[in-house]
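The values are calculated or read from the model by the stated rules, or taken from the named source; none is laboratory data. Just so it is clear, the model here is predicted, and its values are computed rather than measured. Quick reminder, even Gly has a Cβ in these numbers, built from the backbone with ideal geometry, and neighbours come from all protein chains shown. Heavy atoms of the whole protein, side chains included, go into the accessibility calculation; ligands, DNA and RNA do not. Shrake-Rupley method; radii C 1.70, N 1.55, O 1.52, S 1.80 Å.
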Amino acid sequence: MNTYIRSVGAFVPEKRVTNNDLSQIMDTSDEWIKSHTGIENRHVAEKGVTAADLAVKAAKIALERGGLSAEDLDMIILTTATPDYIGFPATACVVQDKLGAKNAGAFDLVAGCTGFIYAIDNAKNMILAGTAKNVLVVGSEVLTQVSNMQDRDTAVLFGDGAGAVIISESTNEESSIEHAILKSDGSGAEVLMRKVGGIKYPFVDGETTFNDTALYMDGQAVYKFAVKVNTNLIKELLERSNLAIDDISYIIPHQANIRILQAAAKRLKIPIEKFYFNLMEYANTSSASIPIALNEVYEKGLLKRGDNILFTGFGAGLTYGGTIVKW
Ligand code: ACO
């Protein structure tokens, strides 16, 4: 038995903030952001709009395209770094209720920006084990709501959005989700984190500020890690699958920084055109970035059944991983 990506959908908030808009409120410039990251715009959710709200919109599109109703779902796996609540309940349960997916289990999967890769492998294995038939995987983020606008090192990098796929049992030979590589290096936990608000660094009445709870990143440490793991993931996935780069239609990477992928492409001697990027428009949307990019590739009509797509991701944890999907 095989599993496959039955359908995809995405939703990004309408409000668009350009690099020039940011340069009005902090010491930065379009030139710096573009040349250091490739990012030109980001989409921003209105205050009060949550990861569940965006996830529901993306999920409804994926359900409709997949010819399924919410009641056909057996499981919802939601990945986010910006959950509706701290710890519990899972944002996936909020989505389950809003969709009316009354037959589905629901849980959140925390693997930073690699969440989508971890989640589709979990979905695949649940189907292969007979636990579920149709699984909704959705990555959804409202990162601008946890950004410290006094920290230009991070505030310019992130955007909001959601991307969803439905994973189902495959009835044809052409389409499948191949094995994944899922890895972690927890020694890097503190280079990319939201520090305060959990049990280790709790809120302190009258002392904790919003910025203590905001996203923190040691950009250079993450950059070095990301170039190394992206290079190794692509090489290993191709070797394990016995495929050459020419057999891959698109590499859809986590959309963090174009320079990371340019460096990996150079090391691997892969033409940069193999990579699909849309970070110019959406910036880094963490675990939503891969399905948002996949949705764009789909909507442009660039995919046909049987095409090989290689996904890679890296992020907080630190985590990293990749997989090859036959569309
Ligand atoms: N505007 C203008 N100047 C800036 C800005 C900004 N927004 N941010 C930093 N600078 C300045 C710095 O202050 C520094 O100035 P100085 O030389 O006077 O001290 C200078 O630019 C260079 O700073 P660096 O940190 O060395 O810049 P670098 O080239 O490393 O780029 C960046 C920084 C873009 C963050 C890079 O390190 C990077 O992309 N890291 C990886 C980030 C990433 O992938 N994150 C995603 C992780 S997973 C997830 O998605 C959650």
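Overview of values
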read-out	value
In the stretch 184-200, the residues that are part of a strand (DSSP E or B) and open to solvent by 60 Å² or more (accessible area, probe 1.4 Å)	Ser184, Arg194
Among the residues listed as Ile181, Ile167, the single one being in the same structural domain as Arg65 (by TED's automatic domain parsing) and either outside any helix (DSSP H, G or I) or surrounded by fewer than 17 Cβ atoms within 10 Å (Cβ to Cβ) (or both)	Ile167
Unique residue being surrounded by fewer than 21 Cβ atoms within 10 Å (Cβ to Cβ), acidic (Asp, Glu) and in contact (Cβ under 8 Å) with a residue 60 or more places away in the chain when the list is Asp72, Asp97, Asp21, Asp30	Asp72
Condition broken by Phe158, with the remaining ones in (1) aromatic (Phe, Trp, Tyr); (2) open to solvent by 20 Å² or more (accessible area, probe 1.4 Å); (3) in the same structural domain as Leu54 (by TED's automatic domain parsing) satisfied	(2)
Those strands (runs of 3 or more DSSP E) lying entirely in the stretch 201-315 with at least 2 residues within 16 Å of the ligand (Cβ to nearest atom) and in contact with a Cys (Cβ under 9 Å, 6 or more places away or on another chain)	308-315
Residue match in the stretch 301-319 (condition: more than 16 Å from Val229 (Cα to Cα), free of Cβ contacts under 8 Å to residues at least 40 places away in the same chain and surrounded by fewer than 24 Cβ atoms within 10 Å (Cβ to Cβ))	yes
Ser7 vs. criteria more than 21 Å from the chain's Cα centre (by Cα) and at negative phi	no
Conditions (1) of a type outside the set (A, V, I, L, M, F, W, C); (2) farther than 30 Å from Thr18 by Cα; (3) open to solvent by 40 Å² or more (accessible area, probe 1.4 Å); (4) touching a strand residue (DSSP E or B) at 6+ places or on another chain (Cβ under 8 Å): number failed by Asp121	(3)
Strands (runs of 3 or more DSSP E) wholly inside the stretch 43-143 that include at least 3 residues being touching a Gly at 6+ places or on another chain (Cβ under 8 Å), modelled with pLDDT under 95 and hydroxyl-bearing (Ser, Thr, Tyr)	none
Qualifying positions in the stretch 7-18 - in a strand (DSSP E or B) and open to solvent by 70 Å² or more (accessible area, probe 1.4 Å)	Arg16
Output for the stretch 66-95, where each listed residue is over 15 Å from Ala162 (Cβ atoms) and within 20 Å of the chain's Cα centre (by Cα)	Met75, Tyr85, Ile86, Gly87, Ala90, Cys93
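Residue-by-condition table, conditions (1) buried (at least 24 other Cβ atoms within 10 Å of the Cβ); (2) within 19 Å of Asn308 (Cα to Cα):
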site: Asp247; (1), (2): no, yes
site: Gln262; (1), (2): no, no
site: Glu281; (1), (2): no, no
site: Ser287; (1), (2): yes, no
